[in-house]
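**Q** Take a look at this one; I'll ask things after.
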Amino acid sequence: DSGVTQTPKHLITATGQRVTLRCSPRSGDLSVYWYQQSLDQGLQFLIQYYNGEERAKGNILERFSAQQFPDLHSELNLSSLELGDSALYFCASSGPRGGEQYFGPGTRLTVT
Amino acid sequence: DAKTTQPNSMESNEEEPVHLPCNHSTISGTDYIHWYRQLPSQGPEYVIHGLTSNVNNRMASLAIAEDRKSSTLILHRATLRDAAVYYCIRRGGAGSYQLTFGKGTKLSVIP
């Protein structure tokens, strides 16, 4: 158990819909990262937040957005969903100086 | 661009040591070498990281070449639970600490 929790575990939705994925970091960790893992693209970094502020952006689509709240939990919002958005979405957290990242169990999103 | 090169797959017998190689010939002086592994149906798991010196922890050892252009992750006694995809990652020393994953090495452990 990494200490990072993600909900829901599974999500099935239709194209064009909007979903929200939630992540709670390990106690004390200020950084939250979101990654997407698909069969064709592998594991890709999407976005990082540090103590409520966006720190870095990776291959995140404009239809996707994220935020980190004062209690440090984070949400990833995916809108206008397409079939190709079907993937595993992982959240990770780390301490202030980076070092190791601790990954949650992931949310499996299926878009039909 | 993952900037590291690893074999696609490797096999090891159970209870034998495993050496997983990684090439990172364009590494900069401030890049750390991180290793993560991903067991089936789980999120990636941190294994070890280092900058210049060899590193040991309870999971593995990391041997970094003197010129830092390559490194080797060493599992001292492979168990069936070590069967996973192992990712070698260059990570910057400051600023964003995002991880850029490549395809990794799929390690199979034979009983």
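FYI, it's all coordinate maths here, none of it is from the lab. Only a predicted model underlies this, so the values are computations on that prediction, with no experimental measurement involved. Positions of Cβ are backbone-derived with ideal geometry, glycine not excepted, and every protein chain shown enters the neighbour counts.
**Q** Does A:Phe64 qualify as being within 14 Å of chain B (Cβ to nearest Cβ), aromatic (Phe, Trp, Tyr) and surrounded by 14 or more Cβ atoms within 10 Å (Cβ to Cβ)?
**A** No; evaluated as a whole, the condition is false for this residue.
**Q** Yes or no: B:Leu39 within 14 Å of the chain's Cα centre (by Cα), over 30 Å from A:Lys9 (Cα atoms) and among the aliphatic types (A, V, I, L, M)?
**A** The answer is no for B:Leu39.
**Q** Which residue out of B:Tyr97, B:Tyr46, B:Tyr36 is touching a Leu at 6+ places or on another chain (Cβ under 9 Å) and within 14 Å of another protein chain (Cβ to nearest Cβ)?
**A** Step by step, each of B:Tyr97, B:Tyr46, B:Tyr36 is checked, and only B:Tyr36 is touching a Leu at 6+ places or on another chain (Cβ under 9 Å) and within 14 Å of another protein chain (Cβ to nearest Cβ).
**Q** Next up: Considering only residues of region A:95-112 that are among the small types (Gly, Ala, Ser) and over 16 Å from the mean Cα position of the chain (by Cα), which is surrounded by the most Cβ atoms within 10 Å (Cβ to Cβ)?
**A** It comes out as A:Gly98.
**Q** Here is a follow-up. Of all residues in region B:6-33, which are crowded, with 17+ Cβ neighbours inside 10 Å and within 14 Å of chain A (Cβ to nearest Cβ)?
**A** B:Gln6, B:Asp31, B:Tyr32, B:Ile33
**Q** Considering (1) farther than 17 Å from A:Gly106 by Cβ; (2) of a type outside the set (A, V, I, L, M); (3) within 12 Å of chain B (Cβ to nearest Cβ), say which one A:Gly84 fails and leave the rest.
**A** Among (1) farther than 17 Å from A:Gly106 by Cβ; (2) of a type outside the set (A, V, I, L, M); (3) within 12 Å of chain B (Cβ to nearest Cβ), A:Gly84 violates only (3).
**Q** Could you run through region B:49-80 and say how many residues are surrounded by fewer than 17 Cβ atoms within 10 Å (Cβ to Cβ) and either charged (D, E, K, R) or within 13 Å of chain A (Cβ to nearest Cβ) (or both)?
**A** 8
**Q** So, one more: Spot the failing condition for A:Gly104; the list is (1) under 21 Å from B:Val85 (Cβ atoms); (2) out of contact with any Cys (no Cβ under 7 Å at 6 or more places or on another chain); (3) within 14 Å of chain B (Cβ to nearest Cβ), and only one is missed.
**A** Checking A:Gly104 against (1) under 21 Å from B:Val85 (Cβ atoms); (2) out of contact with any Cys (no Cβ under 7 Å at 6 or more places or on another chain); (3) within 14 Å of chain B (Cβ to nearest Cβ), the one that fails is (2).
**Q** Would you please name the residue that is nearest to the other protein chains (Cβ to nearest Cβ), looking only at residues in region A:13-39 that are surrounded by fewer than 13 Cβ atoms within 10 Å (Cβ to Cβ) and of a type in the set (A, V, I, L, M)?
**A** Checked region A:13-39; the qualifying residue nearest to the other protein chains (Cβ to nearest Cβ) is A:Leu39.
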